[in-house]
Amino acid sequence: MRAPAAAVLTGLGAWLPPRRVPNSELCARLDTSDQWIRERIGIAERRFAEPDVSTGDMAAAAGARAMDSAGVDTVDAVLLATSSPDHPCPATAPWVADRLGLTGVAAFDVAAGCSGFLYATTAAAGLIASGTAGRVLVVGAETMTSIVDPGDRATAPIFGEGAGAVVLEAGPPHAEGALGPVVWGSDGSLADAIVVPAGGARGRYGREQAPRGDFHVHMRGNEVFRHAVRRMTAAARDAVVSAGWEMPDVDRLIAHQANQRITTAVADALGVPAGNCPSNIREVGNTAAASLPLLLAHAADRGDLKPGHKVLLVAFGSGLAWAATTLVWPAGLAARL
Ligand code: COA
């Protein structure tokens, strides 16, 4: 019997809103400092979308670039990972598909916080392995200012906005660019560690009756930090074993850009040298579900990901949810930024 097809990375794109927001702009309204944000989070600036630019707009822009990078003008499904959809209902992905000229294809959102992109690529890989789809566009996009309280110093300095996207196509399991086995999981007992309390089915009240701030993200940052390091380290180790690799084989660690201290702690625990851990948190902040595809695009564009590199991807976020997988970087893949 033939092995099921693998999901092979054939296109990569990113879109960042042009407006740069340096720490100094946040310091003007928050009790914080440029030094604190740089030292404790590792961010110098982030991008914010203009008020009339939504998650769907950014997803469509990044998706178009990923399809251009792959040299394709159609896909069988569009998956959008986001925690900041354009509306609570309907999902944003069908609108993105329509905007891309793909009206009629299957399209849905994936809500798995900062792990959403890897959850979505895993779902795409399953669609490809089952023969349901031959080519899938997977996008991660976030407009975090729609859910972050600009007056909360515990969350406002962390998050940035943008979108990244990949095209995955059916191919042989050992092809370069084929996604490896996934290690993933969740812990809903800590659902309240990163939560937007209002606006859903629990606590059904109007905006005017909701406790102040309940339409914004509440986060127990310190606790999230500890779980992020523990879960990302364990998932990354297991993904390497599942791929049949050993940790010293890993040429590049592509970790969710949550906080520079988190990614450094994970890399240290795994024994991956700092020089093998591409990073863009300094320039774009924590872009949640957009973080991994944005980092892939930036690292590829900078020549930090070379054909044949063994790449380990890992993410962690609200849910709590985490995921890790592997791939060998393919030749001939040009990111469109
Ligand atoms: N500016 C200045 N001081 C701040 C601050 C800010 N923006 N935010 C918190 N502080 C203060 C706290 O009040 C505290 O002061 P105290 O010691 O007098 O009580 C001190 O800094 C340390 O606070 P703590 O919360 O322990 O800081 P931290 O080092 O854990 O950093 C986060 C806070 C939020 C940056 C960090 O915990 C983090 O990045 N967590 C993970 C967040 C994340 O990635 N979430 C997304 C999902 S992956």
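The values are calculated or read from the model by the stated rules, or taken from the named source; none is laboratory data. Given the structure is predicted, the values throughout are model-derived calculations rather than measurements. Cβ atoms come from the backbone with ideal geometry, glycine included; neighbour counts cover every protein chain shown. Calculation scope for accessible area: heavy atoms of the full protein, side chains included, ligands and nucleic acids excluded. Shrake-Rupley method; radii C 1.70, N 1.55, O 1.52, S 1.80 Å.
Counting protein heavy atoms only, the chain has 52 percent of its accessible area on carbon and sulfur, 1.4 angstrom probe. About its Cα centre, the chain has a charge dipole of approximately 400 debye under the convention of +1 per Lys or Arg Cβ and -1 per Asp or Glu Cβ, with nothing else charged.
Can you pull the Rg over Rh of the stretch 6-171, Cα-only, Kirkwood? Let's see the in-between values first.
Details: Rg = 16.9 Å, Rh = 16.4 Å.
Here the Rg-to-Rh quotient is 1.03.
Each Cα pair under 8 Å and six or more residues apart adds its separation to the average, and for the chain the resulting relative contact order is 26 percent.
Report the relative contact order of the stretch 6-171, percent, no decimals, based on alpha-carbon pairs under 8 angstrom and at least 6 residues apart.
The normalised contact order for the stretch 6-171 reaches 36 percent.
Each semi-axis of the equivalent ellipsoid for the stretch 84-149 is √(5λ) with λ an eigenvalue of the Cα gyration tensor; in descending order they amount to 22, 16, 8 Å. In degrees between 0 and 90, to the nearest 10, how far off the longest principal axis of the chain does helix 291-301 point, with axes built from Cα atoms? Its long axis makes an angle of about 60 degrees. Tally Lys/Arg at +1 and Asp/Glu at -1 over every other residue whose Cβ is under 15 Å from the Cβ of A265; what's the total? Taking every other residue near A265 into account, the sum is +3. Other residues whose C-beta falls under 14 angstrom from the C-beta of R231 contribute a net charge of 0, scoring Lys and Arg +1 and Asp and Glu -1.
Rounded to the nearest 10 degrees, the angle from helix 116-129 to the longest Cα principal axis of the chain is 30 degrees. From most to least packed by mean Cβ count within 10 Å, the peptides 182-195, 117-130 give 117-130, 182-195. Relative to the longest principal axis of the Cα atoms of the chain, the long axis of helix 260-270 makes an angle of roughly 40 degrees.
Ranking A81, A129, C114 by how far each Cα lies toward the positive end of the dipole of the stretch 1-154 (charges on Cβ) leaves A129 at the top. Overall, the stretch 6-171 carries a charge dipole of about 280 debye about its Cα centre when +1 sits on the Cβ of Lys and Arg and -1 on the Cβ of Asp and Glu, all other atoms neutral. With a/c under 1.5 counting as rounded, go ahead and sort the stretch 288-331 into rounded, prolate or oblate using the C-alpha gyration tensor (a ≥ b ≥ c being the square roots of the eigenvalues; past the cut-off, prolate if a/b is larger than b/c, else oblate). In terms of gyration-tensor shape, oblate.
Semi-axes of the equivalent ellipsoid of the stretch 183-328: what are they in whole Å, largest first, if each equals the square root of 5 times a C-alpha gyration tensor eigenvalue?
Gyration-tensor ellipsoid for the stretch 183-328: 32, 16, 12 Å.
Within the stretch 260-295, whose backbone N sits under 14 Å from a point 7 Å along Cα→Cβ of R40? So the set is 260-262. When peptides 278-287, 76-85, 213-222 are ranked by their average number of other Cβ atoms within 10 Å per residue, the highest-first order is 76-85, 278-287, 213-222.
If the viscosity is 1.567 mPa s and the temperature 4 °C, what translational diffusion coefficient in µm²/s does Stokes-Einstein give for the chain when Rh comes from Kirkwood over Cα pairs? Result for D is 66 µm²/s.
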